[in-house]
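Structure, as structure tokens:
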Amino acid sequence: MFLRFHESDFKVRTSDGVAEDWPIEYRDLEPYYDKVEKEIAVSGPRYFPWGSFHGPYPYPERDPISPNAEVFARGCEKLGIRWVVSP
């Protein structure tokens, strides 16, 4: 599982009034995210239904998904919930 912070995660004091804002921004880490995702061969979804998406992962989403993920996916689809395979 390899998730990136969202841009808003760096400004929680400004946007939510809690904790402290980070002294850096998402764009400061973005090149490192890109590099690490390539080096450790992160595969990820073809689309990302929540928040901004940084572009295609270095490796495509893997098929087939595990049996427990299939159960989860069927349940989500039955309830009308969007889902994707995590990076």
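Readers should treat all values here as calculations from the given coordinates under stated rules, not as data from a laboratory. What you are looking at is a predicted structure, and each value in this text was computed from that prediction instead of being measured. A quick note on method: Cβ atoms are made from the backbone with ideal geometry, for glycine too, and the neighbour counts reach across all protein chains shown.
Figures for the structure shown
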{"item": "Qualifying chymotrypsin sites (Phe, Trp or Tyr not before Pro) in the chain, DSSP loop, other Cβ atoms within 10 Å at most 12", "result": "Phe5, Tyr47, Trp50"}
{"item": "Hz values of 3J(HN,Hα) by residue in the range 40-49 - Karplus curve (6.51, -1.76, 1.60), Gly and Pro given as x", "result": "9, 6, 6, 9, x, x, 6, 9, 10, x"}
{"item": "Neighbour cut-off at most 10 other Cβ (10 Å), DSSP loop, GluC sites (Glu not before Pro), the range 2-80", "result": "Glu20"}
{"item": "Extension gain (nm, one decimal) between Asp34 and Cys76, 0.36 nm per residue minus Cα-Cα", "result": "12.1 nm"}
{"item": "Gain in span if fully extended, Ile65 to Arg13, counting 0.36 nm per residue against the direct Cα distance", "result": "14.9 nm"}
{"item": "Global geometry of the chain, whether rounded, prolate or oblate, following the gyration tensor of its Cα atoms and the 1.5 cut on a/c", "result": "oblate"}
{"item": "Net charge of Cβ neighbours under 12 Å - reference Phe48; Lys, Arg +1; Asp, Glu -1", "result": "+2"}
{"item": "Extension reserve of the Met1-Glu25 stretch, reckoned as 0.36 nm per residue once the Cα distance is removed", "result": "6.4 nm"}
